[in-house]
Structures are given as structure tokens and as C-alpha cells.
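First up is the structure itself, then whatever we jot down about it.
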Amino acid sequence: MKSWQLCFFVIVSIGPADSFVRRSMAAEQTVPPNIVIIFIDDMGYGDLNSFATNPYPTPNLDRMAKEGRKFSDFVVSSAVCSASRAALMTGCYHRRVGISGALGPKSNIGINESETTIAEICKSKGYATACFGKWHLGHHAKFLPNRHGFDHYFGLPYSNDMWPLHPENVLKLKKNPNATSDWPPLPLLEVHGDETTPRVVNADVQPKDQELLTKQYTEHATQFIRDNRERPFFLYLPHSMVHVPLYVSDQFRGKSGTGLFGDVVTEIDWSVGQVLDTLDNAGLSENTLVVFTTDNGPWLSYGDHAGHAGPLREGKGTMFEGGYRVPTLMRWTGKDLSKAKIPANSECDKLSSTIDLLPTIAALIGADLPDRKIDGHDIRPLIFDTAGAKSPHDYFYCYFEQASLQAVRTERWKLHLPHKYRTLAGGKGGSGGVPAPYETASIGLSLYDLDNDVAESKDVAMEHPEVVADLSAAAERARLDLGDFNPAIEGKGIRPAGKL
């Protein structure tokens, strides 16, 4: 049942919404909906103009927000690449499927073949599936998208900075020209269906090649839509940008008028417009759910080559809100109110997550859920703005590297457990693609009221001891299931990553 790359999409059902959803699904039953997930790398909560004011134009993302629904409390499992993607693909906390951090070219693990991905869920119902972009769930052949539900994959196997031109590697070689590079050449791969070995399109990606990545991914994506207009499809478009190093094509260089980061966002916005226009021109928009979201917050140490988290605290690499709360838009057009469509120009402020996409998609297309425990929930009522819809998450567990449970939250409250974290401590990031160093800080047991303090600036633990007790008890339950680094608890519900 394994095939190839990933994709994201979401729709939810809870309680009284069931009858509405059943009617909606019956109306759509003869024409299964298409699913498109656009996944951006390292884009912060404040980097979309529908979430904050920015100096660069994003007309297509603005259009998507006006034609669809904005999710202002949408979170990822962990604020780092591979962990976030593992959770998206499997509907599980990344801890449950054994993948943490960011897998590199020396890694010998990847997504386990026993896990069921969104692509495999879709394949079970006869969908065409494709992934164009950054995979980052294992670069060896057995871990690539075509072994996990995707018919076609084209892209980079991991992050675009994992190459000999990484700033730290360049500095090392400048100091000692005889030193060995920390990174091998960066490959661009392509593979189809049951092929056992990927084709190496480019064995040594160079800066000029990276300038073309956004366009190449987009061209593959739009062609896939055109080729499959007569059958249901699942398209996963995980862009390499705006992860550093930043590159942009000649067409968009200088176009934003705000520097390289703005140019890169402008090209991403163009890519979104190409996907939306292709769907519109093919007459597919009224039966296609498009999800735009990101894998984690901004990599703040890169300064003018990074985005920003808006009102949220910290960024990528932390489980403060700026690290794991991500800007998210969903669009599904249509004027027939007897069918389930996303209301235009609307907002959902209920807690939901990328781990909810798999069960939501399964419910949407009438597919069976995996035969093992998942952590996500069907959130169709939140997507369709069903009256009385609530967040399905009584608690959400914020794990980071080293199996560290760093926080527990509900829709309103967030309890940080004692842990160390990286921060710029109010300082500026680097410039020109060279990062500034982080400092290490510590936080004790602290409670924040996110309804009134989304910036996590005022500890109110003393005023709400009953909330602290409730969330502390939830943390203990999470540790028994998913473990913790300190105190060292293995966790009974963890499944192993795939290994060579």
C-alpha cells in the first residue's frame, strides 16, 4: 500500500455536526473531493498579510483568505522540520512515531513502513497522489515518498541548507582549507510508484539551481492537477522556502522592494496563485480543499533572512507560541449551501493541529483510519464553521527534542514545565544569510492565559493553582504514554522509527 510523497488537508466533525457532515458527504459522494496541501518551511505566524501587516505584497494568499477560512490557533506537533512532517503525515504526535528533530544526510532512520500516511489513506480510495518539494522523513530509498503512498515525487530529500555551502561549513573551510566538509553534495531526486531507486536529477545542487526550486515544484504541481482533472487526487506541495538559504528566481528578484526575504515570500505567493488558478481553470475549485500552512515558526537567528512571529513569543526551535503556532488558511469554494463548503472570509480561533488533517481527510473521503493509535481528530465542524463546534483537544502536549515535554495546553491555558530554551533575548538576528548566536535561557513552572496573553508575557500560576494542578496531572499522563527526557520516562505508547 506504500507509494510516495505527502500531503495535508483537513475537515472535522464533532457531536451535533455529524448529521450535517453526513448530508454534506452524501451530496459529494459521486464526485470525491480533491485535496491539496501546501506546506511552507519556516514561515512565521506574522509572515502572512492576513495575520499581520507586512511590507511585501501577497495578493494570492490574501485572495485565499477572502475566499476561505483563516485558522488563528493552528499548531504543529514540534517546532522543527522532520518532527513536524512526521506528525502531519501520520496524524500522530511525532513522539509516538519515533521521529524527532531534523533528519540529515547522515541519518539512518526515517518514517516506518508500518505507519499509515495521508497519501496511503487517499490511495486506499483510488486517488492519484504526488509530492513535489522537501520530504525530510528519511533520504534512503525505503523512506522516500513512493514507499509511503505517493505515485510521484520530485524534490529535495531534506532541508536545502544541508549542503557544503551551509554558513557554518563555509566558515570552517575558510579557517582550514584542508578540513573535511560536514555536508555531502545536496541531491535533487525524482521517483515514481514502485521504482526501487530514485533518479538523481541533479547530484550536486548549486545556488543557481536553488533559485529555480519554487518554480520547478510549482510547475510539477500544476501539471499534476491538469493530468488528473478527471480523477480524485491528493497533491502535497512542501516548498523548500522560506527556509534558509534563501533563493529566488530572476522573475521575482527585487520584486517585493523589501529585500530577499520579501522576494521569496512574493514568489511563494505566486506559486499559490498558480495552484488556485489551475484549479479554477480546470473547473475543480468547487470540489477541492486547499490547505496552506507551515511546518514551524521563523528561524529568528537569521535576522533579515527570517520572518517574524507577529505577537507570539520566540520562534522555531522552541515550544513557545511563536515556534509551533503557524499561520493557516483553508479554501473550498462553492455557492451550493446544501453541500459542505468553507465559509468565505471567515476565521476559526479554536485549537486545532496538523495532526488533525489525516483523520479529517479520511472522514471526508470515506476511508478507514489506521489500525493503530493516532492522536489527531476529525475537525470538519471547525472547517465548515458548524454551529457549536469546539476544539477536539482537551489537552495538547508540546514536545521538543530529546523527548522533552516542555508544555501542556488547553484552548485557553498553557503550562510551561521547567526547561531550557534558546533565545535571542531581545537581540537582533544575523544578516545576509549568516545567523546570530542564540543564548540559552531557562523557564520554571509557568502558566499563561492565552486568551488574554498570547505573547506569554505574564505568569499567572499563583492566581490559578487549580489550572496548574489540572495541567500538571495531564503532563503526568502524557509522560506515561509518550515519555519524557527529564524526568527520564520511556513512555509505553511510542512506536519505533524505520531503520536501515
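Tell me, please, whether a residue that is touching a residue at least 40 places away in the same chain (Cβ under 8 Å), under 19 Å from THR318 (Cα atoms) and not hydrophobic (A, V, I, L, M, F, W, C) can be found in region 466-477. No, the conditions are met nowhere in region 466-477.
Report whether or not LYS215 is in the same structural domain as GLY273 (by TED's automatic domain parsing) and within 26 Å of the chain's Cα centre (by Cα).
yes
For the residues SER240, SER301, SER256, SER249, the requirement of being under 17 Å from ASP62 (Cβ atoms) and of a type in the set (Ser, Thr, Tyr) singles out SER256.
Count of region 377-402 residues, restricted to those that are surrounded by fewer than 23 Cβ atoms within 10 Å (Cβ to Cβ), more than 26 Å from MET319 (Cβ to Cβ) and not aliphatic (A, V, I, L, M), is 3. Each residue in region 30-67 was checked for being in a loop (DSSP other than H, G, I, E, B) and under 24 Å from ARG226 (Cα atoms), and 4 pass.
So that you can scan it fast, the table gives a plain yes or no per residue for (1) over 20 Å from SER82 (Cβ atoms); (2) of a type in the set (Ser, Thr, Tyr); (3) not in a loop (DSSP other than H, G, I, E, B):
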position: ASN160; (1), (2), (3): no, no, no
position: PRO164; (1), (2), (3): yes, no, no
position: PRO184; (1), (2), (3): no, no, no
position: LEU189; (1), (2), (3): no, no, yes
position: ASP194; (1), (2), (3): yes, no, no
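Taking ALA363 and the conditions (1) modelled with pLDDT under 95; (2) touching a Ser or Thr at 6+ places or on another chain (Cβ under 7 Å); (3) not assigned by TED's automatic domain parsing to the domain that holds GLU456, which numbered condition does it fall short on, given that it satisfies the others? (1) is the only condition that ALA363 fails. Scanning region 147-164 for residues that are closer than 16 Å to TYR127 by Cα and not aromatic (Phe, Trp, Tyr) yields ARG147, HIS148, GLY149, ASP151, HIS152.
Checked against the criterion of being surrounded by fewer than 21 Cβ atoms within 10 Å (Cβ to Cβ), assigned to a helix (DSSP H, G or I), touching a residue at least 40 places away in the same chain (Cβ under 8 Å) and not assigned by TED's automatic domain parsing to the domain that holds SER404, region 144-154 contains not a single residue that satisfies it. Under the condition of being small (Gly, Ala, Ser) and not in a loop (DSSP other than H, G, I, E, B), which residue from region 248-279 is nearest to the chain's Cα centre (by Cα)? Across region 248-279, the extreme among qualifying residues is SER271. Scanning region 287-300 for any residue that is assigned to a helix (DSSP H, G or I) and assigned by TED's automatic domain parsing to the domain that holds PRO59 turns up at least one such residue. When every residue of region 305-319 is checked against the conditions, at least one turns out to be part of a helix (DSSP H, G or I), in contact (Cβ under 8 Å) with a residue 12 or more places away in the chain, on the phi < 0 side of the Ramachandran plot and not assigned by TED's automatic domain parsing to the domain that holds SER404. The listed residues are GLY323, GLY307, GLY283, GLY259, and the only one of them that is closer than 18 Å to MET43 by Cα and surrounded by fewer than 19 Cβ atoms within 10 Å (Cβ to Cβ) turns out to be GLY259.
Here the condition is being closer than 28 Å to GLN406 by Cα and at pLDDT 95 or above; of GLY262, GLY254, GLY273, GLY307, it holds for GLY307 alone. Filtered by the rule that a residue be of a type in the set (S, T, N, Q) and either crowded, with 24+ Cβ neighbours inside 10 Å or in contact with a Leu (Cβ under 9 Å, 6 or more places away or on another chain) (or both), region 90-142 gives THR90, ASN108, THR116, THR117, THR129.
The values are calculated or read from the model by the stated rules, or taken from the named source; none is laboratory data. Please read these numbers as outputs of a predicted model, since none were measured by experiment. Please note: Cβ atoms are built from the backbone with ideal geometry, for glycine as well, and neighbour counts cover all protein chains shown.
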